[in-house]
Every structure is written in structure tokens, then in C-alpha cells.
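K.L.:
Please read through the structure below; I'll follow up with questions.
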Amino acid sequence: MKKPFLLIIVTLLIFSCKNEKSTSSSDSDIESSLIRGEYILIDNAGVLKGKDFIYGVIIDDMAYELAKKVKPLQREEYDMVPVVIKGIIKPNTEDGWPQVVEIKEIVGVSEPTEELPTKIKSSDSLQESSETGHEGHNH
């Protein structure tokens, strides 16, 4: 179960920008920021990925509540679903992402785009598909 999760994280790191998102809150006045991204929770590890950021998610009741709302919209187990939340972005004090987000409010959840997620096949499944592909056209 850990290999698929690591594969997802490596894939996200490769395809994400390295820019860090800045918040408009000052150090003395911490306020929630409106954040749009794609969310997934797997084995008590949450990730929120946006256009120019990836945050780990602090796992609490709000993270589990968001996971419940996202689950029916996932086409596959590892689909990330678009969400809008209000949260507080903090530096991560543990191993993992440089920054984490604490979800304060779930603003909205929407269906994934029509575009199917990229699938990575193992060499075994590639061999099977190439063998079956020579037998004829599949409709």
C-alpha cells in the first residue's frame, strides 16, 4: 500500500512547480487563506495540490470531513478531487512537505475534470496489454 502512495507523491513532486505560495497574513495576525487545489487523503496522509504549490494536510476532524465529501467524487482510489477551503498555511516541523495547511473551513468540493488521470502501468501489465493488442482491435 505504501508503494502506490510514494508513487503519487513522487509524481506530484515532478509535475508541480517549485514556487512557494505566500500568504497575505502577517506573523502577528494569522488568518485563514482561501485555497483552491486538489485533495486526497490516503492512509492518514493528506495532500493539497494547487497550480503552484503542494501542501501536506494536518490530519484532524476537518481533514476527515473533507475526505468524506471527496470520496463519492473519486473515479478511482487515487483520484485527486478539486476543492476550495479556508486554511492556515504553516511551516512543517516534521518530515514531509515544507509547508502544511490546517483546514479551517470547507468552502466547496467539485467533480474532477473530464480529463482522466495519468495512469502508470507496471512492466507486467504492459507485457499483457501488448500481447492482447496483437490479437485484434478491442472495441
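The values are calculated or read from the model by the stated rules, or taken from the named source; none is laboratory data. Keep in mind it's a predicted model, so treat the numbers as computed, not measured. Cβ placement follows ideal geometry from the backbone for every residue including glycine, while neighbour counts extend to all protein chains displayed.
K.L.:
Take the residues in segment 99-116 that are at pLDDT 95 or above and in contact with a helix residue (DSSP H, G or I) (Cβ under 6 Å, 6 or more places away or on another chain); name whichever of them is nearest to residue 53 (Cα to Cα).
P.N.:
Filtering segment 99-116 for residues that are at pLDDT 95 or above and in contact with a helix residue (DSSP H, G or I) (Cβ under 6 Å, 6 or more places away or on another chain), the one nearest to residue 53 (Cα to Cα) comes out as 103.
K.L.:
Can you name the number of the only condition in (1) touching a Phe, Trp or Tyr at 6+ places or on another chain (Cβ under 9 Å); (2) modelled with pLDDT under 90 that residue 137 fails?
P.N.:
(1)
K.L.:
Can residue 55 be described as buried (at least 18 other Cβ atoms within 10 Å of the Cβ), among the aromatic types (Phe, Trp, Tyr) and touching a residue at least 12 places away in the same chain (Cβ under 8 Å)?
P.N.:
Against the criterion (buried (at least 18 other Cβ atoms within 10 Å of the Cβ), among the aromatic types (Phe, Trp, Tyr) and touching a residue at least 12 places away in the same chain (Cβ under 8 Å)), residue 55 qualifies.
K.L.:
In addition: Based on what the data block shows, is residue 119 farther than 14 Å from residue 59 by Cα, outside any strand (DSSP E or B) and either modelled with pLDDT under 95 or touching a strand residue (DSSP E or B) at 6+ places or on another chain (Cβ under 9 Å) (or both)?
P.N.:
It is true that residue 119 is farther than 14 Å from residue 59 by Cα, outside any strand (DSSP E or B) and either modelled with pLDDT under 95 or touching a strand residue (DSSP E or B) at 6+ places or on another chain (Cβ under 9 Å) (or both).
K.L.:
List the pairs whose first member sits in segment 75-92 and is free of Cβ contacts under 8 Å to residues at least 40 places away in the same chain, whose second member is among the small types (Gly, Ala, Ser) and assigned to a strand (DSSP E or B), and whose Cβ atoms are under 7 Å apart, counting only residues at least 6 apart or on separate chains?
P.N.:
Within 7 Å, the pairs are 92/56.
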